[in-house]
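Colleague: Before we start, here is the structure in question, set down as structure tokens.
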Amino acid sequence: MRDWLFLPALARFGDLGLLLLRLVTGAFLIWQSHDNIFSAARMHEFERFLTQFNFWAPRLMAPLCVWAQFLCGISLVLGLATRWAGLVTTFVFIVAVWMVHWRQDFPGWWPALILVFLGILFATQGAGRYALDAMLARKQE
């Protein structure tokens, strides 16, 4: 009865779950930021967006935010410096919730809020077994 209730056999797939979550989260971060990196017009549009929400130094903050998301996405896909990527992602999206989504209803908060908590998860749990972080850690032993 206890095994049926708690499903302990699924725990052996935890690293696979982290891999899949890292891949989809990283792909999303890359997808949502790449257009601003490869298009000056899109970056300028993002600067105007930040200005609309009273961000400090939008000309500086726009590329900083976009590059942070893009590099964190690559980091998560590779499973490299995953804890750092989690911390940066958490910070970026706490700021997004506070500065942009605060006035919205809960569904408006949801995408940024989920990225806050995914960042916390990656910062605290790391990348799991199927990652460059794990491979590098094994080589250091």
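Just so you know, all these numbers are worked out from the coordinates, no wet-lab data involved. Everything quoted here is computed from the prediction, not taken from an experiment. Using ideal geometry, Cβ is built from the backbone for each residue, glycine included, and neighbour counts are taken over all protein chains shown.
Colleague: Of A81, P111, S39, which is farthest towards the positive pole of the chain's charge dipole, taken about the Cα centre with +1 and -1 on the beta-carbons of Lys, Arg and Asp, Glu respectively?
Modeller: Of the candidates, A81 comes out farthest on the positive side.
Colleague: By Kyte-Doolittle mean hydropathy of at least -1.0 and Cα axial length of at least 24 Å, which whole DSSP H helices of the chain are selected? Walk me through the numbers before you get to the answer.
Modeller: On the way: long enough: 14-38 (35 Å, 0.88); 58-78 (29 Å, 1.52); 106-125 (27 Å, 1.52).
Once both thresholds are applied, what remains is 14-38, 58-78, 106-125.
Colleague: To continue, here is another question. Give the separation of the Cα centroids, segment 16-87 to segment 101-141, in Å.
Modeller: Going from one Cα centre to the other spans 13 Å.
Colleague: Tell me the mean residue ellipticity at 222 nm calculated for the chain from its helices only (DSSP H runs of n ≥ 4, each -39500 (n - 2.57), averaged over every residue, nearest 500). Walk me through the numbers on the way to the answer.
Modeller: On the way: 7 runs with 108 residues, N = 141.
Value at 222 nm, helices only: -25000 deg cm²/dmol.
Colleague: Right, next: Just name one of I94, N54, L23: the one whose Cα is farthest towards the positive end of the charge dipole of the chain (beta-carbon charges, Lys/Arg +1, Asp/Glu -1).
Modeller: L23
Colleague: Give the residue list of chymotrypsin sites (Phe, Trp or Tyr not before Pro) in segment 1-109 that are DSSP loop and have at most 16 other beta-carbon atoms within 10 angstrom.
Modeller: Loop-located and lightly packed - F53, W56, W102.
Colleague: What nm value, rounded to one decimal, do you get for the distance between A134 and H44 when each label is placed 7 Å out toward the C-beta?
Modeller: Reported label-point gap for A134 and H44 is 4.6 nm.
Colleague: Arrange C65, C72 by Cβ neighbour counts within 10 Å, fewest through most, would you?
Modeller: C65, C72
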